[in-house]
Amino acid sequence: MKSLWLDTAPVIPTDPFDPEASYDTVVVGAGLTGLTTAALLARSGQRLALLEARTVGAVTTGNTTAKVSLLQGTQLSSITSHHNAETARQYVEANRQGQSWLLRFCDENGIGYEVRDAYTYATTEQGLKSLRKEHEAAQAAGLDVEFTAETELPFATTGALRLRDQAQIQPMTVLAGLAKDYRAHGGRLIEGVRVTGARHEEGAVIKVATSQGEVTARHLVLATGIPILDRGGYFAVLKPERSYAVALPVTGEVPQGMYLSVDSPTRSLRTAEADGISYLLAGGNGHTVGRKKYTQELVDDLVDWTVENFAVGSAASYAWSAQDYSPARSLPYVGQLPVMGSNIYVATGYNKWGMTNAVAASLALSAEILGGENPWARELYKPRVAPLDAASTLRDNAEVGLSMLTGWAAGLANSTDTAPPEGQGVVSRENGKPVGTCTVAGETSRVSAVCPHLKGVLNWNDAEQSWDCPLHGSRFTAKGTLLEGPAVKNLDPA
Ligand SMILES: Cc1cc2nc3c(=O)[nH]c(=O)nc-3n(C[C@H](O)[C@H](O)[C@H](O)COP(=O)(O)OP(=O)(O)OC[C@H]3O[C@@H](n4cnc5c(N)ncnc54)[C@H](O)[C@@H]3O)c2cc1C
């Protein structure tokens, strides 16, 4: 599957890798977090390398729905219930800073975006209650959200919240603009280099191990979605949530606002233009990575819902999926690693609101690295009590434990000699070890079905034709090449 954004992305030039080079800062990961942080630091005169394992935007940023909105579902009521109204206010301020910076950058660099009203809507009485709580939390946090009965939706709603004048972007155009700015300030952008480790040496130097050799840096920013290297235990407080998006050509009048349902299954809507064609995008049907048996059904369901409700063509021109990470207590984790992390920084846990949170995190991290501080960042991103005591974290980790057990039990119980049908994969036992066998484009491949991160047994994802780990969200191609997640190695051969 390929997103509309990646399919219509501008070409983004890159640089060769220079082994043994020394940098002020190495940034790992060229999504929105990595590119914004790198661009900000390069403007200050730092010598930088931005190392990307795949290609710019290949993982979440190139597969998002890219609403740049301060109205974010039930985010503010959730933050208020886990923390307090003051923290929700700081969160709004951080996101406002992120949104303003991003749109100003677009304005200054001739990058187009559309200004749209954002809506969160309900279709049930329970959903309406959630809207009321969100409305209250937004008011307390200083966000001018209004209740409205007017939407452009073709079905009945029980109510909606509206925030005027938000924005929607083509994320790859924005990444291309950031990459241009970054390289114009001397930064090196290197694709196809995976960071595999880091260690501190004498004199505050960090040795960064990569798939192509070592480099050194004084600061290291892990802008990798979920942090790699496993320091700080972030994988235990982040839930990898995968969801789906489709783009269908518009044939009549469709809603022009950006919509998000508060009831399940989640439905997200926005429009987009590409190559002279207008599309309606629908997103939703999320689930924890690796824990849904037939993912293609979720894509088909999204297409059916869009065709049933809106003036669009009968088939999707694009369908794609991506994952983002939900933090245990609703706030992103941004800052220096708490364990052995001197001058190693992370930014993660945006809960599918990274278009503003990633930029806010980049503003905070670049200021911290340069010895400054943003007043809104100090409180919002302060290290909090380890969230491992939170009930939701215990629940999530219990689910991880259960997935671990059931994965090994199921893997050990099944056994098959026959190749799966086209597009399918199965896990079976061979010499006591789980082996994944799948058939893609007529070719049957066999790999170890054990995730090299923390030994979860992988499940087949038929929509993406990938092996996905139900523990912490690492994903691999049919032949075992690492796609994303906290792992840093490919799958072993079967
Ligand atoms: C379906 C979906 C819809 C969304 N819609 C919205 C929306 O409408 N509005 C909104 O605000 N947010 C939305 N989000 C969230 C938003 O897209 C993300 O939070 C944001 O894109 C994350 O950006 P990032 O740079 O942190 O991560 P990524 O874009 O994932 O970038 C991380 C990069 O790090 C690289 N990497 C990883 N490991 C290594 C390594 N070891 N070495 C080198 N490179 C490495 C990866 O290849 C990747 O390119 C959505 C998310 C999803 C899943």
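The values are calculated or read from the model by the stated rules, or taken from the named source; none is laboratory data. This structure is a prediction, so every number in the text was calculated from the model and none was measured. FYI the Cβ positions are ideal-geometry reconstructions off the backbone, even for glycines, and counts take in every protein chain you see. The accessibility values were calculated without ligands, DNA or RNA, using every heavy atom of the protein model including side chains. Shrake-Rupley method; radii C 1.70, N 1.55, O 1.52, S 1.80 Å.
Points worth noting:
- Of the criteria (1) hydroxyl-bearing (Ser, Thr, Tyr); (2) modelled with pLDDT under 95; (3) within 20 Å of the chain's Cα centre (by Cα), which one residue 466 fails: (2)
- Residue 316 being open to solvent by less than 10 Å² (accessible area, probe 1.4 Å), in contact with a Leu (Cβ under 6 Å, 6 or more places away or on another chain), of a type in the set (Gly, Ala, Ser) and within 16 Å of the ligand (Cβ to nearest atom): no
- Any hit, region 117-134, residues being hydroxyl-bearing (Ser, Thr, Tyr) and in a loop (DSSP other than H, G, I, E, B): yes
- Residue in region 228-263 that is nearest to the ligand (Cβ to nearest atom), counting only those that are at pLDDT 95 or above and in contact with a helix residue (DSSP H, G or I) (Cβ under 7 Å, 6 or more places away or on another chain): 244
- Tally, over region 319-345, of residues that are hydrophobic (A, V, I, L, M, F, W, C) and within 10 Å of the ligand (Cβ to nearest atom): 2
- Test for residue 177: is it in contact with a Leu (Cβ under 6 Å, 6 or more places away or on another chain) and more than 17 Å from residue 54 (Cα to Cα): no
- Residue count, region 123-174 (criterion: under 16 Å from residue 80 (Cα atoms), open to solvent by 20 Å² or more (accessible area, probe 1.4 Å) and not basic (Lys, Arg)): 6
- Residue 271 touching a Leu at 6+ places or on another chain (Cβ under 9 Å) and farther than 30 Å from residue 343 by Cβ: yes
- Scanning region 46-58 for residues that are buried (at least 24 other Cβ atoms within 10 Å of the Cβ) and either of a type in the set (Phe, Trp, Tyr) or within 6 Å of the ligand (Cβ to nearest atom) (or both) gives 51, 52.
- Among the conditions (1) open to solvent by 40 Å² or more (accessible area, probe 1.4 Å); (2) in contact (Cβ under 8 Å) with a residue 40 or more places away in the chain; (3) not acidic (Asp, Glu), the only one that residue 101 does not satisfy is (1).
- Residue within region 175-186 that is surrounded by 15 or more Cβ atoms within 10 Å (Cβ to Cβ) and assigned to a loop (DSSP other than H, G, I, E, B) present: yes
- Residue within region 72-80 that is in a helix (DSSP H, G or I) and more than 16 Å from the ligand (Cβ to nearest atom) present: yes
- Residue 308 meets the conditions (1) in a strand (DSSP E or B); (2) closer than 17 Å to residue 153 by Cα; (3) acidic (Asp, Glu) in every case but one. The failed one is (1).
- Any hit, region 9-32, residues being part of a helix (DSSP H, G or I), in contact (Cβ under 8 Å) with a residue 60 or more places away in the chain and in contact with a strand residue (DSSP E or B) (Cβ under 9 Å, 6 or more places away or on another chain): no
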